[in-house]
Amino acid sequence: MQRSDGRSADQLRAVAFEFGIAPHASGSVLVSMGNTRVICAVTIEEAVPRWMKEQGVTGGWLTAEYSMLPYSTQPRKPRDIAKGRIDGRSVEIQRLIGRSLRAVTDLEKLGPRTIWIDCDVLQADGGTRTTAITGASLALAIACRKFVREKKLNAPPMQKLVAAVSAGILNGQAIVDLNYEEDKLVTVDFNLVATEDSEFVEVQSSGEEATFAGSQLDEMLALGRKGIAESIAAQRAVLARLMVTPSSS
C-alpha cells in the first residue's frame with residue numbers, strides 16, 4: 001500500500017530528538033515524528049502529593065501534564081485556562097503519559113520526591129500522545145543521569161526505556177504511525193505503549209463506527225511492536241552520543 005506521504009504500511013515517519021531544549025529542566029527533548037513536534041521536559045520536586053502522606057505510601061511519585069499550544073493546530077486551539085478547565089482529551093493523554101513512565105520507574109528508589117513530566121505540543125500532525133511518550137522516555141532517561149550525577153539520587157530510578165506508536169486500518173489494510181490525514185480516515189484506531197524488552201504497558205484499540213477482525217488486531221500489533229523497536233533504537237542512539245558528550249540540560 002502506497003500512502004499519501006509515500007511511506008510503506010510498516011514505515012514510521014522520520015524521528016528526530018533535540019535535547020537540552022529547556023535549560024531549566026533536568027532533562028528535556030524536542031521530539032519530532034514527521035510534522036508532529038512535542039517538547040518533553042522533566043523536573044523534580046522535593047515533596048510528594050498530599051494523598052501519599054495521608055495514606056502512608058512510601059517512595060515517590062511521577063506525574064505528567066500535557067497540552068497543545070494554541071498555534072499547534074489550524075484553526076487555533078484555545079488554551080484550557082481560557083475555558084476554565086482542562087479538556088477531557090488532555091486529561092486522558094496526560095494520565096496515559098504518567099502511567100507509561102511510572103511503569104518503567106522504581107518509585108521506591110525515587111524516595112519522597114515527585115518527578116514532573118511536561119509535554120507541550122508545538123505542532124500537531126497526528127500521534128501527539130504517542131510522540132509525547134517516546135520523547136518523555138528519553139527526557140526522563142537524561143534527567144535520571146543528571147539526578148545521579150548531582151547526587152540527588154543514589155541510583156537512576158528509571159529501569160528501562162519505553163515508547164509508543166499509533167496504528168490503524170485504512171482501506172482494509174493495517175498501517176503504522178498515522179499522520180492527521182490518515183487518523184481522520186481510518187476505520188480502526190490503535191495505540192501501543194511498550195518497553196524496550198517488548199513488554200506491553202498499554203494497548204488501546206477501537207473501531208470508528210466499524211468492527212475489526214482478530215487478524216487485523218494481530219497485524220496492527222505486529223506493526224506497532226516493530227515501530228516501537230525502531231523508536232527505542234533511536235532513543236538509544238541519542239543516549240550513546242550523550243555518554244560521549246555530556247548533556248548540558
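The values are calculated or read from the model by the stated rules, or taken from the named source; none is laboratory data. Worth saying up front: this structure is predicted, and the values here are computed from it rather than measured. Backbone-built Cβ (ideal geometry, glycine too); neighbour counts: all protein chains shown. Remember, those area values only see protein heavy atoms, side chains included, never the ligands or the DNA or RNA. Shrake-Rupley method; radii C 1.70, N 1.55, O 1.52, S 1.80 Å.
Just how far, in whole angstrom, is the stretch 1-50 from the stretch 66-141 if you go by their alpha carbon centroids? Rounded to whole Å, the Cα centres lie 10 Å apart.
Which GluC sites (Glu not before Pro) does the stretch 63-151 hold that lie in a coil by DSSP with at most 11 other beta carbons within 10 Å?
Answer by residue number: GLU150.
Using Cβ point charges alone (K and R +1, D and E -1), the dipole size of the stretch 152-198 about the Cα centre works out to roughly 280 debye. Of the solvent-accessible surface of the chain, computed with a 1.4 Å probe over protein heavy atoms with every protein chain present, carbon and sulfur atoms account for 51 percent.
Computed on the stretch 98-171, with alpha-carbon pairs under 8 angstrom and 6+ residues apart, the relative contact order is 45 percent. How far is helix 128-149 tilted off the main Cα axis of the chain, in degrees rounded to 10, range 0 to 90? It is inclined by approximately 20 degrees. List the longest stretch of the chain that has no exposed loop site; here a site is one of the trypsin sites (Lys or Arg not before Pro) assigned by DSSP to anything other than H, G, I, E or B, with at most 11 other Cβ within 10 Å. Segment 152-249 is the longest. Rolling a 1.4 Å probe over the protein heavy atoms gives the stretch 91-249 an accessible area of 43 Å² per residue. Given the options PRO70, PRO78, PRO157, state which has the largest fluctuation in a GNM of the chain using a 10 Å cut-off (strictly under) for Cα springs. Greatest mean-square fluctuation among the candidates belongs to PRO78. Taking GluC sites (Glu not before Pro) across the stretch 199-234, the ones in a DSSP loop with at most 16 further Cβ atoms lying within 10 angstrom of their Cβ are GLU199, GLU208, GLU209.
Counting charges near ARG113 (Lys, Arg +1; Asp, Glu -1) among other residues having Cβ under 15 Å from its Cβ returns a value of +2. Computed over the chain, relative contact order equals 22 percent, with contacts defined as Cα pairs under 8 Å that lie 6+ residues apart. Taking every Cα-Cα distance in the stretch 175-249 and sorting them into 5 Å bins starting at zero, the pair-distance distribution P(r) comes out as 3, 13, 20, 19, 15, 11, 8, 5, 3, 2, 0 percent. When the Cα positions of LEU239, VAL188, ALA210 are compared along the charge dipole of the chain, LEU239 comes out farthest toward the positive end, with charges on each C-beta of Lys, Arg, Asp and Glu.
Close amide H partners of MET158, meaning residues 5 or more places away or on another chain with modelled amide H under 5 Å apart, are ASP106.
Put +1 on the Cβ of every Lys and Arg and -1 on every Asp and Glu Cβ in the chain; which of GLN2, MET68, GLY88 then has its Cα farthest towards the positive end of the dipole? Of the options given, the answer is MET68. Run the helix sum for the chain: -39,500 (n - 2.57) per DSSP H stretch of 4+ residues, divided by residue count, reported at 222 nm to the nearest 500 deg cm²/dmol. Dividing the helical sum by the residues of the chain leaves -11000 deg cm²/dmol. Sequentially through the stretch 162-176, phi angles give Karplus couplings (6.51, -1.76, 1.60; θ = phi - 60°) of 9, 8, 9, 8, 9, 8, x, 10, 10, 6, x, 10, 6, 9, 10 Hz, Gly and Pro residues having no value and appearing as x.
Compared with the dominant principal axis of the Cα atoms in the chain, helix 88-102 is inclined by about 60°. Simple point charges give the picture: +1 on the Cβ of Lys and Arg, -1 on the Cβ of Asp and Glu, and for the chain a dipole about the Cα centre of about 920 debye.
A cut-off under 12 angstrom between Cβ atoms defines the neighbours of ARG79, and their net charge, with Lys, Arg +1 and Asp, Glu -1, is +1.
For GLU65, nonlocal amide neighbours, meaning residues 5 or more places apart or on other chains whose placed amide H falls under 5 Å from its own, are ILE117, ASP118, CYS119.
Calculate how steeply helix 214-244 sits against the longest principal axis of the alpha-carbon atoms of the chain, using the helix alpha-carbon long axis, and give the answer as 0 to 90 degrees to the nearest 10. Once rounded, the angle reads 40 degrees. For the stretch 24-170, the Stokes-Einstein estimate of translational diffusion at 25 °C and a viscosity of 0.890 mPa s comes to 155 µm²/s, using the Kirkwood hydrodynamic radius over alpha-carbon pairs. For the chain, the fraction of C-alpha pairs more than 35 angstrom apart is 15%.
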